[in-house]
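Visitor: Have a look at this one.
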Amino acid sequence: MKCPFCGHVKDKVVDSRETGAGDAIRRRRECLSCGRRFTSYERVEEIPYFVVKKDGRREPFDRQKLMVGLHRACEKRPVPAKALAAIGDEIEQMVQDSAEREIPARAIGERVMERLKDLDKVAYVRFASVYRQFEDVDEFMSELRNLVETRK
């Protein structure tokens, strides 16, 4: 840390504490050359994770957007909010554990569908119909047939 008064690069930390919001650390420092005190702040720099859409667009991962989609799929279904939060946690962890900073939307969508398939079949079909963008009734019926066959 460079002293803002004399430019000397050696100092000692006199006091450290979190800021009120808890998003940074405030440090009081004393320059070892001129003896004057100054304050520095340290913040964690978060590198955003991006979702790569089908058309190649990239947008930051947004847990809230994921949760809105899950809630919409489970609307008027007997699915506990805790179960949806667990799916959200799992997907967020998957994104953060990824070695890459860009995750294909396909990987996220497939994982969500796997979890919904186990949780609630109707919610799964609702999510799949939007995610896979069924073009006609035949595609939709084909997915329903697959679902019924796996249940047997």
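Visitor: Take the residues in region 31-50 that are among the charged types (D, E, K, R) and touching a residue at least 12 places away in the same chain (Cβ under 8 Å); name whichever of them is nearest to Gln93 (Cα to Cα).
Guide: Quick first cut of region 31-50, residues among the charged types (D, E, K, R) only: 36-37, 42-43, 45-46.
Narrowing the set further to residues that are touching a residue at least 12 places away in the same chain (Cβ under 8 Å) leaves 36-37, 42-43.
On the way: Arg36: 45, Arg37: 42, Glu42: 25, Arg43: 22 Å.
Among those residues, the one meeting the criterion is Arg43.
Visitor: State all residues of region 14-70 that are closer than 27 Å to Ala123 by Cα and assigned to a strand (DSSP E or B); if no residue qualifies, say none.
Guide: The answer is Phe50, Val51, Val52, Arg58, Glu59, Pro60.
Visitor: Considering only residues of region 19-40 that are among the charged types (D, E, K, R) and surrounded by 12 or more Cβ atoms within 10 Å (Cβ to Cβ), which is farthest from His8 (Cα to Cα)?
Guide: First, the residues of region 19-40 that are among the charged types (D, E, K, R): 23, 26-30, 36-37.
Pick out the ones that are also surrounded by 12 or more Cβ atoms within 10 Å (Cβ to Cβ) and you get 26-30, 36-37.
Working: Arg26: 20, Arg27: 17, Arg28: 16, Arg29: 12, Glu30: 11, Arg36: 11, Arg37: 12 Å.
The qualifying residue farthest from His8 (Cα to Cα) is Arg26.
Visitor: Hey, among Ala81, Ala86, which residue is assigned by TED's automatic domain parsing to the domain that holds Val122, surrounded by 13 or more Cβ atoms within 10 Å (Cβ to Cβ), within 30 Å of Lys121 (Cβ to Cβ) and free of Cβ contacts under 8 Å to residues at least 12 places away in the same chain?
Guide: It is Ala86.
Visitor: List pairs: first in region 1-30 and closer than 20 Å to Val44 by Cβ, second hydroxyl-bearing (Ser, Thr, Tyr) and in a loop (DSSP other than H, G, I, E, B), Cβ under 7 Å, 6+ apart or cross-chain?
Guide: Short answer, once both residue conditions are applied: Arg26/Thr19.
Visitor: Every residue in region 85-107 that is part of a helix (DSSP H, G or I) and either among the polar types (S, T, N, Q) or more than 14 Å from the chain's Cα centre (by Cα) (or both), please.
Guide: Gln93, Gln96, Arg106 - these are the residues of region 85-107 that are part of a helix (DSSP H, G or I) and either among the polar types (S, T, N, Q) or more than 14 Å from the chain's Cα centre (by Cα) (or both).
The values are calculated or read from the model by the stated rules, or taken from the named source; none is laboratory data. A quick note: this is a predicted structure, and the numbers were derived from the prediction, not measured. With ideal geometry, Cβ positions are generated from the backbone for all residues, glycine too; neighbour counts draw on all protein chains shown.
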